[in-house]
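Following: one structure in structure tokens, then a few remarks.
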Amino acid sequence: MKVAIIGAGTMGSGITQVAATAGCEVKLYDTKEEALDKSKTKLEKVLARLIEKGRIDLDEKNRIQSNITYVTSLKDLGDAHLTIEAIVENLDIKKQVFQELQSLQSQDAIIASNTSSLSIASIAASLESSERVIGIHFFNPAPLMPLVEIIPAVQTSDKVKNKVVEIITNWKKVGVLAKDTPGFIVNRVARPFYGEALRIYEEGGASFAEIDQAMKTLGGFRMGPFELMDFIGNDVNYTVTETVFKEFYYDPRYKPSFTQKRLSEAGYLGRKTEKGFYHYKNGKIDKNY
Ligand code: NAI
């Protein structure tokens, strides 16, 4: 199967690895050449580590890498059977990309968005053949997280929904069907986790490191809420909260945080910029900072 991934950032790179590992021919597209280079370098490191751990051999590494082509023109995605978009969480930009894409692909090609919170129905409405649009929401890091939310819009055909369920199962993921509501399942349930942690911190109830420590020690979480926000990206996390807040008619339960907004504005996006709530060195929290 031919798969196109749009956006070579955190999610697009991870989904590319998943699809290529499952044997698909993948074209990874980004407008920025440096994003593609970064993605390629990261995959090389990830696969080398998998060899070290004995999870794959050199042949498997070569097979995965040879399944991927890196492209900088949307026109190269014309022959894809399935396209998964993973670009910036902005409805207008996503719609624009989908509109350009529809004229390049056949009418039965499936078009999916990895959006965390935007309405699949409104993305679908921007296309003439909206029945082939669906949400396929992976979690970060996509190669490691088994869960994938599959979100049919009002317009999505059953044929497309069933085909996507089959593909996700073949990719060895656990697909869960969710309705097209703000934040779907996981991002809605997770909002209070981040929101209350931010409120405790903003009220001076505890430092963010102490909140993380408490949640990891007693709550059994692998990462505390602040480590997780830095991992996801403060820009992405803030935007998702803002969307869910607006979509639920400004329900105060989902109110976004000024602290996180300011960090995003400052470019303190988390691990990807080496600064967020924490500072990072070589991918790890810099305890000496
Ligand atoms: P990111 O910021 O790491 O990567 C976005 C990539 O898209 C960048 O490489 C950028 O150059 C590229 N891009 C931007 N506009 C483009 C365009 N018009 N055409 C082609 N490429 C373009 O973002 P990330 O974190 O990978 O998020 C992508 C999507 O996945 C968002 O919708 C986000 O809500 C969703 N998501 C993010 C998760 C996370 O933990 N970061 C988890 C699940 C979903």
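Every number in this text was worked out from the coordinates using simple rules, so none of it is lab data. Since the structure is predicted, the reported quantities are computational estimates derived from the model, not experimental observations. Methodologically, a virtual Cβ is constructed for each residue, glycine included, from the backbone with ideal geometry; neighbour enumeration extends over all protein chains shown.
Numbers for the structure displayed
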{"item": "Farthest toward positive dipole pole in the stretch 195-289 [+1 Lys/Arg, -1 Asp/Glu at C-beta], among 228, 280, 250", "result": "280"}
{"item": "Extreme residue, positive dipole direction of the chain, given options 29, 213, 88 (C-beta unit charges)", "result": "213"}
{"item": "Length released on extending from residue 154 to residue 104, taking residue separation times 0.36 nm less the Cα-Cα span", "result": "15.6 nm"}
{"item": "Karplus-derived 3J(HN,Hα), 6.51/-1.76/1.60, for each residue of the stretch 26-43, Hz, glycine and proline x", "result": "10, 10, 9, 10, 8, 6, 9, 4, 5, 5, 5, 4, 4, 5, 5, 5, 5, 4"}
{"item": "21 Å Cα-Cα threshold exceeded, pairs from 75/272; 94/246; 27/272; 45/272", "result": "75/272; 27/272"}
{"item": "Rel. contact order, % - alpha carbon contacts under 8 angstrom, at least six apart, the stretch 187-279", "result": "28"}
{"item": "Three-way shape label, the chain, alpha-carbon gyration tensor, a/c 1.5", "result": "oblate"}
{"item": "Candidates 153, 20, 206, ranked by Gaussian network fluctuation over the chain, Cα under 10 Å, top entry", "result": "206"}
{"item": "Residue 115 long-range amide H proximity, modeled H, under 5 Å", "result": "136"}
{"item": "Choice from 15, 150, 56 with maximal GNM fluctuation in the chain (Cα, 10 Å cutoff)", "result": "56"}
{"item": "Estimated vicinal HN-Hα couplings, Hz - the stretch 47-63 in sequence order (Karplus 6.51, -1.76, 1.60; Gly, Pro = x)", "result": "5, 4, 5, 5, 5, 4, 7, x, 7, 9, 10, 4, 4, 5, 4, 5, 5"}
{"item": "More than 22 Å apart - percent of Cα-Cα pairs taken over the stretch 187-279", "result": "22"}
{"item": "Integer Hz, Karplus 6.51/-1.76/1.60 couplings in order for the stretch 13-18, x for Gly and Pro", "result": "5, x, 5, 4, 4, 4"}
{"item": "Simple label model, 7 Å out from Cα along Cβ direction - residue 69 to residue 189, nm", "result": "4.0"}
{"item": "Helical contribution to [θ] at 222 nm, DSSP H n ≥ 4, -39,500 (n - 2.57), averaged over the chain, rounded to 500", "result": "-14000 deg cm²/dmol"}
{"item": "Overall form of the stretch 44-131 per C-alpha gyration tensor (a/c, 1.5; a/b vs b/c)", "result": "prolate"}
{"item": "Relative contact order (%) - criterion: Cα under 8 Å, at least six apart; region: the stretch 2-177", "result": "21"}
{"item": "Span from the the stretch 59-103 Cα centroid across to the the stretch 1-24 one, whole angstrom", "result": "8"}
{"item": "Volume of the Cα convex hull of the stretch 121-228, divided per residue and given in Å³", "result": "113"}
{"item": "Filtered trypsin sites (Lys or Arg not before Pro), the stretch 17-116: DSSP coil and at most 10 other beta carbons within 10 Å", "result": "53, 55"}
{"item": "Amide H partners (placed H, <5 Å) of residue 147, local residues excluded", "result": "174"}
{"item": "Förster radius 45 Å - calculated FRET efficiency between residue 58 and residue 246, Cβ distance, rounded to 0.05", "result": "0.35"}
{"item": "Relative contact order computed over the stretch 122-204 (Cα-Cα under 8 Å; 6+ residues apart), in percent", "result": "24"}
{"item": "Electrostatic dipole magnitude of the chain [Cβ: Lys, Arg +1; Asp, Glu -1; Cα centre; debye, to 20]", "result": "600"}
{"item": "Gyration tensor verdict on the stretch 135-195 (Cα atoms; rounded if a/c is under 1.5, prolate if a/b is larger than b/c, oblate otherwise)", "result": "oblate"}
{"item": "Cut-off under 5 Å, modelled amide H: who pairs with residue 270 long-range", "result": "234, 275, 276"}
{"item": "Among 219, 233, 14, residue whose mean-square fluctuation peaks in a GNM of the chain (springs only between Cα atoms under 10 Å)", "result": "219"}
{"item": "Isotropic mean projected area of the C-alpha convex hull, the stretch 240-289 (nm²)", "result": "4.1"}
